[in-house]
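See below for the structure under consideration.
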Amino acid sequence: MSIMRLGYVHARVTDLEASRSHYSDTLGMEVKAEGDGKLYLKGWDEYDHHSVVLEEGGVGAVKFGFKVSHATDLEQYERALQQFGVTVERMAKGDNLATGDGVRFISPTNHVFELYHEMDYAGTETGTLNPQTFPRHLRGVGVPRLDHTLITGDDVEGMERLFIDCFGWHISERVIASPEEPTCLATFLSAGHKAHDLAILKGPDSKLHHFAFILDDWNAVLRAGDLFAMDDVPVDIGPTRHGITRGTTIYFFDPSGNRNEVFAGSYTSCADFPTITWTADQLGRAVFYHARELNDRFLSVFT
Amino acid sequence: MVTVAIRLLPDDVVLQGRPGEPILDTLRRAGYSHRFGCRRGGCGVCRVDLVEGSTTDGAVVSEAVLTPEERAAGVRLTCRAVPDGDVTLRLREDDTLRCVSPFLARYVTRSSLT
Ligand code: FES
Ligand SMILES: [Fe+2]
């Protein structure tokens, strides 16, 4: 029984066509379906039908989908969530395009999460039989896959408890106010072997800080930065490195002001690793390792 | 080029906006800045109050970011609002107009005035 990964992010956008250009031309995702004011996209190295859903009207996150490894996990997680005491409901096959049935719950930070086991198989251009290393004619950044998301909310510790108790995740890193005042200000939760699949920053409930796409390495991050300059994408910060997760990064904004990230070069994490702790007085270095100070947007700009 | 005068209170700095240029872009081009976030109308951080004149948004702004009531009361997002003509805007009390590039402020602002 396990959650394998963040399978999809469903976000709101103010302009679907501007978003198509950003996610498809600049980031290089493939539009797999559209209609009903929505676009469904996937990265080139994703086998499932989509990983990003964009819905016209508003900004911010509608919901997040986590894919579980076995169909029977759904019932077990449903029970665990009920026991934990959050609002849980069943979703039917077809509630989400190309997606099977599952379990929907509202987190202590008032975000909507969905657990599912099935999604239509789309495959990749390189295939699974003696494949080449990448498709030759990628567009723009050519993001391979969705990686993680950072959301904001008040009950950071409640989120830690939920993801540990219900799903068996572990905390790779966390930020506390100080050793004397150990209030958790941010937490980086791992479903398995990544430094984070979901992170929560103390802040207003229901908000999105960013969702991120993985890239191969620092060179790819730099090249993404070049493409953002060419396409006039507003860059929040970067290319630089995070102290937390050690990942190299660019934060940037989509045409509706939702923050995206390209991310590379983090470390492997395991459930038995000790949690790395950062204190608030070192938050600058923790978030932006080189500048060693936060920009004024990191803790205030959400959608 | 026909330009519009953008007067920023309380500092009383006047900048020349180009046709179709969102106010925040004029500021940045002229070496100035104030509080902003996403530059795409999503975060609402760049709110200011319109004192005189009128503006049109250069792209759709969600009502979740700027409510119709706020808009009617004159609240504008500098990253989206394009002046229709000369305008006067007031920055919020917790926001400040910063001259981040005296070089640009000197050369861009002066040359656009002549
Ligand atoms: S900077 Fe985000 S709305 Fe203007
Ligand atoms: Fe991230």
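The values are calculated or read from the model by the stated rules, or taken from the named source; none is laboratory data. Just so we're clear, the structure is a prediction, and the values are computed from it rather than from any experiment. When we count neighbours, we look across all protein chains shown, and the Cβ atoms used for this are built from the backbone with ideal geometry, even at glycine. Each accessible area value is taken on the protein alone, full model and side chains, heavy atoms only, with ligands, DNA and RNA left out. Shrake-Rupley method; radii C 1.70, N 1.55, O 1.52, S 1.80 Å.
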Under the rule rounded for a/c under 1.5, else prolate if a/b exceeds b/c, else oblate, using alpha carbon gyration tensor axes a ≥ b ≥ c, the protein assembly as shown is classed as prolate
Helical mean residue ellipticity (222 nm; -39500 (n - 2.57) per DSSP H run of 4+; nearest 500) of chain A: -4000 deg cm²/dmol
Quick one: which residues, 5 or more positions from A:Glu173 or on another chain, have an amide H under 5 Å from its amide H? H modelled 1.01 Å from N in the peptide plane, none for Pro or chain starts. A:Phe188, A:Ile276
Sort out for me the Cα centre separation of segment A:220-291 from segment A:105-174, rounded to whole Å. 16
Expressed in nanometres to one decimal, the distance between label points 7 Å along Cα→Cβ at A:Glu55 and B:Asp84 is 3.4
By how many nm would the segment from A:Met1 to A:Tyr47 lengthen if fully extended, with 0.36 nm per residue of separation less the alpha-carbon distance? 14.5 nm
Which whole number gives the average, over all residues in A:10-18, of C-beta atoms from other chains lying within 10 Å of the residue C-beta? 3
Considering only DSSP beta bridges whose two residues both sit in the protein assembly as shown, what percent are antiparallel, to the nearest 5? 75
Starting at 0 and stepping by 5 Å, how many percent of the alpha carbon pairs of segment A:103-208 end up in each bin? 2, 10, 16, 18, 15, 11, 10, 9, 5, 2, 1, 0
per DSSP, antiparallel bridges as share of beta bridges in segment A:145-287, % nearest 5, sits at 70
Starting with the highest mean, order A:63-69, B:62-68 by the number of other Cβ atoms within 10 Å, averaged over the residues of each peptide. A:63-69, B:62-68
So which residue, out of A:Val143, A:Val59, A:Val86, gets the largest mean-square fluctuation from a GNM of chain A using Cα contacts under 10 Å as springs? A:Val86
For chain A, with all protein chains present and a 1.4 Å probe, just round the carbon and sulfur fraction of the accessible area to a whole percent. 47
Efficiency of FRET between A:Ala18 and B:Leu9 - r from beta-carbon atoms, R0 22 angstrom, step 0.05: 0.10
Under the 0.36 nm per residue contour assumption, what length would be gained going from the current alpha-carbon distance of A:Thr183 and A:Val31 to full extension? 50.5 nm
Which distance in nm do the two modelled labels at A:Thr72 and A:Arg161 give, with both placed 7 Å along the Cα-to-Cβ direction? 3.0
Rounded to a whole number, the mean other protein chain Cβ count within 10 angstrom for residues of A:246-253 is 1
With 10 Å bins from 0: P(r) over segment A:1-88, alpha-carbon pairs, percent: 16, 40, 26, 17, 1
Under the rule rounded for a/c under 1.5, else prolate if a/b exceeds b/c, else oblate, using alpha carbon gyration tensor axes a ≥ b ≥ c, chain B is classed as prolate
Given axes a ≥ b ≥ c from the Cα gyration tensor, I'd like to know whether segment A:145-287 is rounded (a/c under 1.5), prolate (a/b larger than b/c) or oblate. prolate
Comparing A:Ala122, A:Ala212, A:Ala199, which has the greatest mean-square fluctuation in the GNM of chain A with Cα pairs linked when under 10 Å apart? A:Ala122
Per residue of chain B, what 222 nm ellipticity follows from adding -39500 (n - 2.57) for every DSSP H run with n ≥ 4, rounded to the nearest 500? -5500 deg cm²/dmol
Per-residue mean of other chain beta-carbon atoms within 10 angstrom of the beta-carbon, peptide A:258-271? 1
Provide the gained length on full extension for the span B:Ser54 to B:Asp94, in nm with one decimal, where the gain is 0.36 nm per separating residue minus the Cα-Cα distance. 12.1 nm
Kindly compute the accessible surface that chains B and A hide from a 1.4 Å probe when together, both sides summed, and give it to the nearest 100 Å². 1100
Highest GNM mean-square fluctuation among A:Glu261, A:Glu180, A:Glu46, for chain A with Cα springs under 10 Å, belongs to A:Glu180
Can you tell me the 0 to 90 degree angle between the C-alpha axis of helix B:102-113 and the longest principal axis of chain B, rounded to 10? 90
